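The values are calculated or read from the model by the stated rules, or taken from the named source; none is laboratory data. Since the model is a prediction, treat every value here as computed from it, not as a measurement. The accessibility values were calculated without ligands, DNA or RNA, using every heavy atom of the protein model including side chains. Shrake-Rupley method; radii C 1.70, N 1.55, O 1.52, S 1.80 Å.
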Amino acid sequence: MVDSGANVRTRLAAAVGAANVLTESPDVEPYVTDWRGRFHGRTLAVVRPANTAEVADVVRICNEARVPIVAQGGNTGMCGAATPDAMGYEVVLSLTRLDRIRAVDGDNATITVEAGVPLAQVQQAAADAGFHFPLSLASEGSCTIGGNLSTNAGGTAVLRFGNARDLALGLEVVLADGRVWNGLRGLRKDNTGYDLKQLFIGAEGTLGIITAAVLKLFPKPVASVTALAALADPAGAVALLRTLKRGLSDRLVGFELISAPALAICRKHHPDLPDPVPGHPWYALVQIDDSGSASALSEQVENAFADAVESATALDVAIAQSEEQAHALWALRENISESQRREGPNIKHDISLPVSAIPEFLETSHDALSAAFPGAQFVIFGHLGDGNLHYNLAAPTGADAHAFMEHAPRANRIVHDLVAARGGSISAEHGIGQLKREELARYKAPVELEMMRAIKAALDPAGLLNPGKVL
Ligand SMILES: Cc1cc2nc3c(=O)[nH]c(=O)nc-3n(C[C@H](O)[C@H](O)[C@H](O)COP(=O)(O)OP(=O)(O)OC[C@H]3O[C@@H](n4cnc5c(N)ncnc54)[C@H](O)[C@@H]3O)c2cc1C
């Protein structure tokens, strides 16, 4: 920092108004701790600009004073990427006041939104205009579109619609020196050189500050079916996925794997939720949507599941008979992370593998981890349709959950080595942040890391954007 902290705060207050520069401890507290309560930092100030020009001013001031910036949206990230470090020199740049829907273009099927709009509000604005915006996460009430793009969020409809990256056509970005890049193009074809927006998507605030985005819209589903299938094992889940893909094609939107312990934890904290096919070791929550024709969808889905039960691919199936029942089935999946948090800390992995490799991986990793940590509990769930598992390890019953966390490095090594050996990824959708920085350095090829460092040096030569995250 080349300027005094007080000086920087004064300049920031002149740029965004004193009321939008928070420095007192109770005010800044929600911004310096992550959602899981695992990372705690300190900050020079939390700055809350209201528009792109103010973001540019804040970034310019910080660049001149050599003050590092941690961008923050809804602060729901899982890897400590939006939490400042413990030194207290970093500014937290909160984007939540950039909350306008700028435009909906019906003929182009696009929506232009500012970075701080919560995901649920983007979905609602799309619905109000007669469209569907398919990105969907359990945190959608709090997470922002800027955070979704910066983490390249996945969620429950990737199988059909892709990740956040696949839904963005254009971005507006404030660069590290405060210049604004207006790349808000609503084009589905644009081969004019490097696709620069892709650099900022998934960059976790280390290359630029996203201030707005043009997103793709889709036709609203006219018919939907939600089902919970009981399964004997993960191989049964993979077989069911294959059967449903063949029978229902791209109407299959979501396919979520849930282990019995994950379901039990969710129902323990939400006893009002249903338990329609009790007593099985594994479950698949399946979402099927049709945007073209409502006719015969239910019948086709019922037939597909009947075939699956007859061939013993599925053991039992509950199909929601109303929207309310469908929401209740989804609540079983969406409340797992939050229920797990209430249970106490656990060793988490967000991994992806080729779908075909998952059953064998689960068997091998279960044996290896059970041998290393006798009695450890496995809480496994995730987006099986995308090959993405949230693979969590909790302390043995009665053991101290916090003390168990000391085993994280050893457990990570076992899990991540097995993932890497099968061509998988150590971070499927949550990113790297500060949680997995060392793991990234271990598993990425040196040439890949060199390219990443070169891009970082080109776009943020002073290293002021979210330092210590990702790289
Ligand atoms: C209950 C629960 C369920 C979840 N389920 C899923 C899931 O299914 N799939 C999934 O992918 N994630 C999931 N998440 C994780 C999280 O919600 C996503 O990572 C989300 O995209 C983060 O958005 P956010 O606005 O909260 O970002 P934050 O947590 O505030 O920030 C995340 C990262 O993005 C950067 N950033 C934020 N805004 C900007 C911006 N405008 N410009 C540049 N950088 C920025 C931050 O610096 C940080 O590096 C879940 C989280 C919770 C709590």
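Name the residues whose placed amide hydrogens come within less than 5 Å of the amide hydrogen of Arg66, ignoring near sequence neighbours (fewer than 5 apart) on the same chain.
Val2
Measuring with a 1.4 Å probe in the full set of protein chains, what accessible area per residue, in whole Å², belongs to the chain?
42 Å²
Using the Cα atoms of the chain, I'd like the radius of gyration and the largest Cα-Cα distance, Dmax, both in angstrom.
22.7, 72
Give, in nm to one decimal, the length gained when the segment between Asn303 and Asp190 is fully stretched (0.36 nm per residue of separation minus the Cα-Cα distance).
Residue separation times 0.36 nm, minus the Cα-Cα distance, leaves 36.4 nm.
Based on DSSP H runs of at least 4 residues, each adding -39500 (n - 2.57), what is the mean residue ellipticity at 222 nm of the chain after dividing by all its residues, to the nearest 500 deg cm²/dmol?
So the helix-based figure for the chain works out to -10500 deg cm²/dmol.
Around Arg42, which amide H atoms from residues at least 5 apart in sequence, or from another chain, sit under 5 Å from its own amide H, with H modelled in the peptide plane?
Asp85, Ala86, Met87, Gly88
Which whole-Hz ³J(HN,Hα) couplings does the stretch 366-377 yield from phi under the Karplus relation 6.51 cos²θ - 1.76 cosθ + 1.60, θ = phi - 60°, glycine and proline marked x?
Listing the rounded values in order: 4, 5, 5, 6, 5, 5, 6, 9, x, x, 4, 9 Hz.
Near the amide H of His132, under 5 Å away, which other amide H atoms are found, from residues 5 or more places off or on another chain, if H is placed in the peptide plane?
Hits under the 5 Å cutoff: Phe218, Lys220.
Cα-Cα over 32 Å: which of Lys348/Lys456; Lys197/Lys268; Lys197/Lys444; Lys220/Lys268; Lys189/Lys436?
Lys197/Lys268; Lys220/Lys268; Lys189/Lys436
From zero up to wherever the largest Cα-Cα distance of the stretch 249-297 sits, split into 10 Å bins and tell me the percent of pairs in each.
Going from the shortest bin to the longest, the percentages are 21, 40, 25, 13.
Can you list the equivalent-ellipsoid semi-axes of the stretch 1-112, largest first and in whole Å, using the square root of 5 times each Cα gyration tensor eigenvalue?
26, 19, 12
Short version: ³J(HN,Hα) in whole Hz for each residue of the stretch 292-297, in order, from phi by Karplus 6.51 cos²θ - 1.76 cosθ + 1.60 (θ = phi - 60°), x for Gly and Pro, what are they?
Result, ordered by residue: x, 9, 7, 5, 6, 4 Hz.
When the accessible area of the stretch 210-255 is split by element with a 1.4 Å probe, what percent falls to carbon and sulfur?
With neighbouring chains kept in place, the figure for the stretch 210-255 is 53 percent.
Would you mind classifying the stretch 380-427 by shape? Square roots of the alpha carbon gyration tensor eigenvalues, ordered a ≥ b ≥ c; an a/c under 1.5 is rounded, otherwise it is prolate if a/b is larger than b/c and oblate if not.
It comes out oblate by the Cα gyration axes.
So what J values fall out for the stretch 312-325 if you push phi through Karplus, 6.51 cos²θ - 1.76 cosθ + 1.60 with θ = phi - 60°, rounded to Hz, Gly and Pro as x?
In residue order, the calculated couplings are 6, 5, 10, 8, 6, 9, 10, 10, 4, 9, 8, 4, 4, 5 Hz.
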